[in-house]
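Chemist: Below is the structure I would like to discuss, written out as structure tokens.
Nothing in this text is a laboratory measurement; each read-out follows from the coordinates by a stated rule. Because the structure is predicted, anything quoted here is derived from the model rather than measured. Here the Cβ positions follow ideal geometry from the backbone for every residue, glycine too, while neighbour counts run over all protein chains shown.
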Amino acid sequence: MIGVAWDDGRHRIWVAQTNPGRLTSFDPDNPGIPREEFAWDFSSLPTCDPGGSGSFCSNDPARGCASFFDCMPNVTFDFTTSATCMPGNPRGTCSNASYHSCVSADDCVLADTICPPGVDDGGCYHDYLLGIYEPAHIVVRPQDGSLWFANYYLGNEIGRLDPATGEVRHFPTTAPPFTPPRASITALVKLVSWPWDIKVTSTGDVAGTEFYGNRIAWFHASRVGDPACEALSAPGLTAEQCTGAIDNSTSPPTLVLPDSRCTNPCMTEYLVPGAWEPTTSMPPFTHMAVQYLLTIDFDQRRNTWFDQGYLDAARRRFTLLPPLLGLYPTSFTAANPPDLNSGIGGGLVIDRSRGDIWAVDYSGRRLNRLHKTS
């Protein structure tokens, strides 16, 4: 799981899950949802102490252990099952929940707590399949209650789920900058933008980050529901030219990429300046990514902040600052010194009452603050 969101309108928690990609909602206060409740004690960690016939937990002498992790409160949750995965093609079904697909019995653990088709998510977990491998971050759009997700793993799109109908719509982004017209299928990882974070603006627009593409994708709320948003297009070009294909006449197969003129008519993509530099090291690519864009947030003036600066709301221009997430990183050596592009962001949030920008320094293991002093 990566993304999590609170649905204030339905009083539900949403989580994003992988393989198959799905969004799952549930009522955390419903007694039908299995849980463990315990009081956390942060004053000390339990230890795994050696004894005459093995090791035992300092907080529970009756519990054997291999390390202190075995002594944490949540290890008592029972992840065993007597269910079986009955064969099927391409996936089987669980004996304890015939509506739930599986590959092995492990997939059937707690499968009977997943809502059957047509059952509301009051006392069970409601799964919504997305048709992708791995959604990253998710957000509830309060204007209509829809769920929006970033299609991260080998993804080139953001998406929308309507919980009322279960309908899923996919909105493609353009290929990353400087992608060639054709490339080996082994280069696929560099040919998609890998969307990661996603947020809703005060006006209802949806903004997401393209991790590899180093762009901010801005979906215009006025176009929600327009079928044209679900494909790339360009004047004078056919749908095939904007879709791409696989050429199996080569070994390995060759990817024929969408024409670079094809864009999403419902989306504007803003490229971070200086995010790519020329390279001759990996043809057919002509440029390589200098940094990677992860998280964003909005300030009181509706500017879009990220770890290297912000996108001005009025002029739609970037202002770049010394990177909040790369100042004096601790994980570099004299042989591998940092530069202004060092650091990768684990998260960013804005204190709107003060205007402070808080950023997690993944590489430097710090929490940094940008504070306006005058």
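Chemist: Amide H neighbours of Asp356 under 5 Å, counting only residues 5+ apart in sequence or on other chains, H built in-plane at 1.01 Å?
Modeler: The list, which skips near neighbours in sequence, is Asp351.
Chemist: With θ set to phi - 60°, apply the Karplus curve 6.51 cos²θ - 1.76 cosθ + 1.60 along segment 226-242 and write out the HN-Hα couplings as whole Hz, x wherever there is a Gly or Pro.
Modeler: In residue order, the calculated couplings are 7, x, 5, 6, 9, 7, 7, 7, 7, x, x, 10, 7, 4, 5, 5, 9 Hz.
Chemist: Non-local amide H neighbours of Asp197 (under 5 Å, H modeled in plane, Pro and chain starts lacking H): which ones?
Modeler: So Asp197 has HN proximity to Thr209.
Chemist: Take the Cα of Thr286, step 7 Å along the line toward its Cβ, and report every residue of segment 150-187 whose backbone nitrogen sits under 14 Å from that point.
Modeler: Within reach of a label on Thr286: 177-182.
Chemist: Same structure again: Quick one: putting +1 on the C-beta of Lys and Arg, -1 on the C-beta of Asp and Glu, what dipole do you get for the chain around its Cα centre, in Debye to the nearest 20?
Modeler: Around 1300 debye, computed over the chain.
Chemist: Now for a separate question. Multiply the residue gap between Ser44 and Ala66 by 0.36 nm, knock off their C-alpha separation, and tell me the result in nm, one decimal place.
Modeler: Full extension from Ser44 to Ala66 adds 6.1 nm.
Chemist: Here's something else I'd like to know. How large is Rg over Rh for the chain, taking Rg from the Cα atoms and Rh as the Kirkwood inverse mean of 1/r across Cα pairs?
Modeler: Using only Cα positions, Rg/Rh for the chain is 1.01.
Chemist: Can I ask one more? Please give the contour-minus-distance gain from Asp112 to Ile185: 0.36 nm per residue of separation, less the Cα-Cα distance, rounded to one decimal in nm.
Modeler: 22.3 nm
Chemist: Find how much the distance from Arg261 to Asn303 grows on full extension, using 0.36 nm per residue of separation minus their present alpha carbon separation; answer in nm with one decimal.
Modeler: Answer, rounded to one decimal: 12.3 nm.
Chemist: Positive end of the dipole of the chain, charges at C-beta (+1 Lys, Arg; -1 Asp, Glu), about the Cα centre: which of Thr203, Pro253, Ser374 has its Cα farthest in that direction?
Modeler: Of the listed residues, the answer is Ser374.
Chemist: With point charges of +1 on the Cβ of Lys and Arg and -1 on the Cβ of Asp and Glu, referenced to the Cα centre of the chain, which listed residue (Thr286, Thr304, Leu191) lies farthest in the positive direction of the dipole?
Modeler: It is Thr286, whose Cα lies furthest towards the positive end.
Chemist: Right, something else. For Asp297, enumerate residues with amide H under 5 Å from its amide H, sequence gap 5+ or separate chain, H modeled in the peptide plane.
Modeler: Those lying under 5 Å, H to H, from Asp297 are Trp305.
Chemist: Right, something else. What residue among Thr238, Gly51, Gly225 has its Cα farthest toward the positive end of the dipole of the chain, where the charges are +1 on Lys, Arg and -1 on Asp, Glu, each on the Cβ?
Modeler: The Cα lying farthest towards the positive end belongs to Thr238.
Chemist: ³J(HN,Hα) across segment 11-23 via Karplus (A = 6.51, B = -1.76, C = 1.60, θ = phi - 60°), whole Hz, x for Gly/Pro?
Modeler: Per-residue couplings from phi come out as 6, 9, 9, 10, 10, 9, 10, 10, 6, x, x, 7, 10 Hz.
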